1. For the ranges 133-140, 294-301, what's the packing order if you count other beta-carbon atoms within 10 Å of each residue, average per peptide, and put the highest first?
2. Quick one: dipole size for the range 420-506, taken about the Cα centre, charges +1 on Lys/Arg Cβ and -1 on Asp/Glu Cβ, in debye to the nearest 20.
3. Using +1 on the beta carbon of Lys and Arg, -1 on that of Asp and Glu, and nothing else charged, what's the dipole of the chain about the Cα centre, debye to 20?
4. Between rounded, prolate and oblate, where does the range 209-277 land on the alpha carbon gyration tensor, with a ≥ b ≥ c its root eigenvalues, rounded for a/c under 1.5, else prolate if a/b exceeds b/c?
5. Kirkwood hydrodynamic radius of the chain from all distinct Cα pairs, in Å?
6. Roughly how many whole Å is it from the C-alpha centroid of the range 74-110 to that of the range 142-189?
7. Give the angle, between 0 and 90 degrees and rounded to the nearest 10, that separates the Cα long axis of helix 258-268 from the longest principal axis of the Cα atoms of the chain.
8. Arranged from highest to lowest average of other beta-carbon atoms within 10 Å per residue, in what order do the peptides 449-455, 287-293, 240-246 appear?
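Derivation of every value follows stated rules applied to the coordinates shown; laboratory data play no part. Every value quoted in this text rests on a predicted model; they were computed, and no experiment measured them. Cβ placement follows ideal geometry from the backbone for every residue including glycine, while neighbour counts extend to all protein chains displayed.
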Amino acid sequence: MLCADLSYLKFVKDATTFLPEDNHYDYIVVGGGTAGCPLAATLSENYTVLLIERGGDAHTNPYVMREENLLDNALQINDKDSPAESFTSEDGIPNIRGRVLGGSSMVNFGFYSRGDDDFYNRSGIDWDFDMQKTAYEWIEETVVFRKNELNLFQSSVREALLHADLKPDNGFTLDHEGGTKTTGSTFDATGRRYGAVELLNKGKPGNLQVIINATVERVLFNSYSTDISAAGVIYKDSNGRSQQVQVRRNGEVILSAGALGSPQLLLLSGVGPSSDLASMNIPLVHHQPFVGQFMIDPPLNQVSFISPFPIPIKGSSDRTVGIQKNLYIIEAVSAIASFFSPAITKTSRPMSSGSLKLASAKSASITPRVRFNYFADSRDISACISGLQTIGKMIRSPSMDQYKFVDKDGNKYYQFLGLSLPENISDRSKMESYCRRTVAPIYHYHGGCTMKKVTDGDFKVTGIKALRVVDGSTFVASPGTNPQATLLMMGRYAGLKIREERIRQG
Ligand SMILES: Cc1cc2nc3c(=O)[nH]c(=O)nc-3n(C[C@H](O)[C@H](O)[C@H](O)COP(=O)(O)OP(=O)(O)OC[C@H]3O[C@@H](n4cnc5c(N)ncnc54)[C@H](O)[C@@H]3O)c2cc1C
């Protein structure tokens, strides 16, 4: 049993009270999120690190910290300083991203499952798999809980997934394997959330400093003849005061601001498609045509129904999952409300993609414009239909009978909430229409600084020295499953790799 450890707070200062004695660091990590926290903690084992996060610390906020408040958590969103920020993509679909120390790992549903081989193969990274394994273990010993006990709803769904032929039964595993499994969670048995912040506890005192409520506005560059090199960043505190911090010789700026934040910062700093930058009057530092491209948000479609009896309001995150590899995954979340529970299908390898553009050339606080083009690629429609057809089979499972109403003649029936799943699940045109009409986000968007397009396989921004990106913006493809495990691992892994590279170079 892990115990809550808040010792990371000793590293944390609000930006308004932060006076850097010597404002030079070996590494400046921008974004104290899912990848940024493990990365900063790892680098601090050997080097001085400044981690800069635009949000605050939320360990006393019950809407963030308690599993039973998952729905209320979403309701706490405001425009300015809530731990979760809402944005609506140009597809017209509302979405969410983290704005808090620990990033989206502090506002998510806690589902923890490792990425799959197909993701590793396509990622553009030449993985050292032993190092990757130790990186996963480093994360899991601190923030992952393996409780086997499922609540009534999750158990019924598990049986229904097997009934719908999502086999074999893989029991409990953190690996992403075809079939049905129970996975880990970042909520402990008492419902307390753990997240990337706990990994900061592993940082080295004296080397790690974390500032919160500090929004990085842009990256600063040095230019020597043809070489451009990142030199530091400018951030603003909550009083609007600007401050510059710089990297030491051989130091680096690392962007871990997430799939919206990292491409936004590159563009604000003059790194991106020259025509877009010119249209926003941003001086060009480096023409990089792919910044903001390949934005992908795996679509979610759900079937919701009202339960004839109150499913206990005490929420629980999703732990049961059915996996049809490379096509879809099906999860069930019983935290949504007391009287209904959805089964959701997520297209696990979406091919449709869109792009991100700045909404303001002046402020990093203004969310960029993003379009995902859900279902533009017909393969995503096929994946959605297959997932929904499996849900159609699941809800015919005897284990789900208890969620049916009974009419006066004794006939059992579901009372759907919202759109009913078509009666004939083989009718492709009706199913396609259901996919398009019910599309929603599962908040697993990625891209914008994709590997081998914007960065090389070592996370370095091509054409610029001393600048890397380590977060979901680098993903070429979805990790098949929900992404937080892969991103937490990636933060640790990139830190180990950077240290190894620096030691090798002497
Ligand atoms: C509501 C929700 C539910 C989800 N559920 C799950 C789940 O159950 N399981 C799962 O695996 N995944 C889930 N996800 C997805 C997963 O949490 C994210 O994909 C992942 O956390 C993203 O990690 P990241 O490091 O790329 O970005 P983030 O964790 O979002 O970190 C980026 C950080 O950078 C900061 N930042 C941005 N711009 C700036 C700037 N200019 N200056 C300073 N700081 C900045 C942000 O405030 C943020 O803290 C969910 C996501 C959401 C939003």
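1. Numbers: 133-140: 18.8, 294-301: 25.9.
Going by the mean number of other Cβ atoms within 10 Å, highest first, we get 294-301, 133-140.
2. It works out to roughly 380 debye.
3. 500 debye
4. Oblate is the answer for the range 209-277, as a/c is 1.5 or above yet b/c matches or exceeds a/b.
5. Values: mean 1/r = 0.0432 Å⁻¹.
Roughly 23.2 Å, rounded to one decimal.
6. Result: 26 Å between the Cα centres.
7. 40 degrees
8. 449-455, 287-293, 240-246
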